1. I'd like the accessible area for residue 8: 1.4 Å probe, protein heavy atoms, all chains in place, Å² to the nearest 10.
2. Please give the FRET efficiency for residue 231 paired with residue 5, using the beta carbon to beta carbon distance and R0 = 35 Å, rounded to the nearest 0.05.
3. Find, among the trypsin sites (Lys or Arg not before Pro) in region 96-187, those assigned to loop by DSSP (not H, G, I, E, B) with at most 14 other beta-carbon atoms within 10 angstrom.
4. Taking amide hydrogens as modeled 1.01 Å from N in the peptide plane, which residues meet the under 5 Å criterion relative to residue 105, leaving out close sequence neighbours?
5. Hey, got the dipole for region 72-154? About the Cα centre, +1 on K and R Cβ, -1 on D and E Cβ, debye to the nearest 20?
6. Given the peptides 45-53, 217-225, arrange them by the average over their residues of other C-beta atoms within 10 Å, most packed first.
7. With a cut-off of 17 Å, note down the residues of region 209-247 whose backbone N falls inside the zone around a label point 7 Å from the Cα of residue 40 toward its beta carbon.
8. Please grab the % of Cα pairs in the chain that end up more than 30 Å from each other.
Amino acid sequence: MTPPALEELRAQLGRVVEQQDVATAAPMRGMSVAFNRKDAMPVEGDAIPPGWHTAYFLPAIPAWELNADGTPLDNGVLPAMPFPRRMHTGLKVRFVSPIRVGDALRRENRFSGIEPREGRSGPLFVSTQTRSIFTPRGLAIEEEFTMAHLPAVEPGAAAPARQGEPAPQDATWERTVTPDAINLFRYSALTFNAHRIHYDRQWAMDVEGFRGLVVHGMFTAQCLLDLARDRLAATPITEFSFRAGAPLFEGEPIRLLGRHLPAQRRVDLWAVSPAGTIATKATVHHE
């Protein structure tokens, strides 16, 4: 990335897109099925589960405005980027008040950061979007969303992979999930995510150098958040954050680990690869 390209991107910081939606019940049933859950179908007035708001405000971008890999050329908030590959790297969410089925929703999405980094495959940069979601009762969710923008992989080369640190030995919660191609396709459909690494195996392997379909970073994050929600039962979750460190792949078991620290009203969470190393770290805070 040349300095002029970075300066052009920084000149566009502050771009804002405002969107409207309605919190309908049907996507909540879809989320339950995509994650192999048996949640009751929500009805008018029910609060949606933490994190499931990703099924709203879908990125309805025409095919002619997509990159070859299915990601947007310009989604109205993030401008067109010099590097072709992108990966979700992290999220911080503050749950202020519930979104309820039937609510009219408004979201403000702002391009709030762009920083150069040096990665395993060379220079890259990380973009940040800040989002605020409102219901008729006021602010419901605030989130900060980060994404890495990466150079292309040479044809025939494997995508660079980082060796994660070993999984913790003192976790007290554990669950294993094994996402398959159906789970990934359904989640892509529910979130209108056209990124081909999640459903086009030939693209993922031959073009981007992965060993199979890549599990969405947000899919893994939601699995961790759902583990915390299930174990905390009726205790409200107030904050959630995650940081993705390494990709996970379809058909491979993912160990979800948790350690509850009640005195600190905090849960530390990890998604662990089949090799026993940490792929994703997360934290939940609760009331």
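1. Surface open to solvent at residue 8 totals about 120 Å².
2. Numbers: r = 45 Å, r/R0 = 1.30.
The formula returns an efficiency of 0.15 here.
3. Details: sites: 100, 106, 107, 110, 117, 120, 131, 137, 162, 175, 186; in loops: 120, 137, 162.
Within region 96-187, the qualifying trypsin sites (Lys or Arg not before Pro) (loop, at most 14 other Cβ atoms within 10 Å) are 120, 137, 162.
4. 21, 22, 23
5. Numbers: 12 positive and 9 negative charges, 55 e Å.
Charge dipole, region 72-154, about its Cα centre: 260 debye, nearest 20.
6. Values: 45-53: 19.7, 217-225: 23.7.
Answer by packing, highest mean first, reads 217-225, 45-53.
7. Hits in region 209-247 for residue 40 at 17 Å: 230, 233-235.
8. Working: 12130 of 41041 pairs.
When every Cα pair of the chain is considered, 30 percent fall beyond 30 Å.
The values are calculated or read from the model by the stated rules, or taken from the named source; none is laboratory data. Since this is a predicted model, take the numbers as computed values, not measurements. No Cβ is skipped: glycine too gets one built from the backbone with ideal geometry, and neighbour counts run over all protein chains shown. For accessibility, only protein heavy atoms count, side chains too; no ligands or nucleic acids. Shrake-Rupley method; radii C 1.70, N 1.55, O 1.52, S 1.80 Å.
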